[in-house]
Amino acid sequence: MIAVAALQLANWPLPFDAGNNAAFDRYLRLNLNVILVLFAVANVMLLVGVLLRKRKATPWRQFAIEYAPLTVFACALIAVAIYSEQLWARQRFVGAAPDAMQVEVTGVQFVWYFRYPGKDAHFGQTKPQFIAPGEGNPLGLDRSDPTSNDDIVTSELVLPAGREVDLALESQDVIHGFSVPELRIKQYATPGQRGHLHFTATKPGSYAILCANVCGMGHYRMTSTLRVVTPEEFAAWLRAHEVKR
């Protein structure tokens, strides 16, 4: 709590915002400020209680020491709850748009793989028996499926700025946590389940992709890079990888 207070008083900056998340950032700072105020009030209550512990109890003193601070706490928490409810209500929590870019994310101890569907806009079939990272097939693409022949598999996520992206998250082994602090996103990749996460990155740059869930002894090195580029650069990147395949 002391660390939170110090960071707030020093106006410690949040990670760079690469996706227009100002409303959520304001709410986060509001929460930290409210926590800081409640922390200070709680300690004042304790100090006053210690100083007045030997004095004769009166209804007014009991109200000042016990009920008034509790009322302040309750009002502050109610205000934060109302604000958060309004913020939540303003969001349109719907699925990704039909024309959103599709990318598949697979977590494997201790690396991230990203698959693009290629020119046919369809992901090819994958089968566990075909998984062979040493042979260049870490996701187990079924090469007998024609739709898999143009799939692009990389260890770096490259996206065009300004376009909505729908990530499909999977895991081959344990639960991993796909997280990009600059985009304020985090979602679990769970074995046997296919989760979705959609967002729009607006600012070109390179951002760290982290695993936010302890996934084993090598968890510390399960990182990758999200590279947000202009639409023209992304088109060139796709062409380069299509030629290589």
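Read-outs: derived from the displayed coordinates by stated rules, not from any lab. What you are looking at is a predicted structure, and each value in this text was computed from that prediction instead of being measured. Please note: Cβ atoms are built from the backbone with ideal geometry, for glycine as well, and neighbour counts cover all protein chains shown.
Numbers for the structure displayed
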| item | result |
| --- | --- |
| Spin-label proximity, Lys203 to region 127-171 - amide N less than 15 Å from point 7 Å beyond Cα toward beta carbon | 161-162 |
| Cross-link partners of Lys203 among aspartates and glutamates (Cα-Cα below 19 Å; sequence separation of 8 or more within a chain) | Asp17, Asp25, Glu156, Glu164, Asp166, Glu182, Glu232, Glu233 |
| Cα gyration tensor, region 101-244 - rounded (a/c under 1.5), prolate or oblate | oblate |
| Cα-centre dipole for the chain with unit charges at Cβ (Lys and Arg positive, Asp and Glu negative), debye to 20 | 1500 |
| Of the DSSP H helices in the chain, those whose Cα atoms cover at least 15 Å axially and whose Kyte score averages 0.0 or more | 22-51, 68-90 |
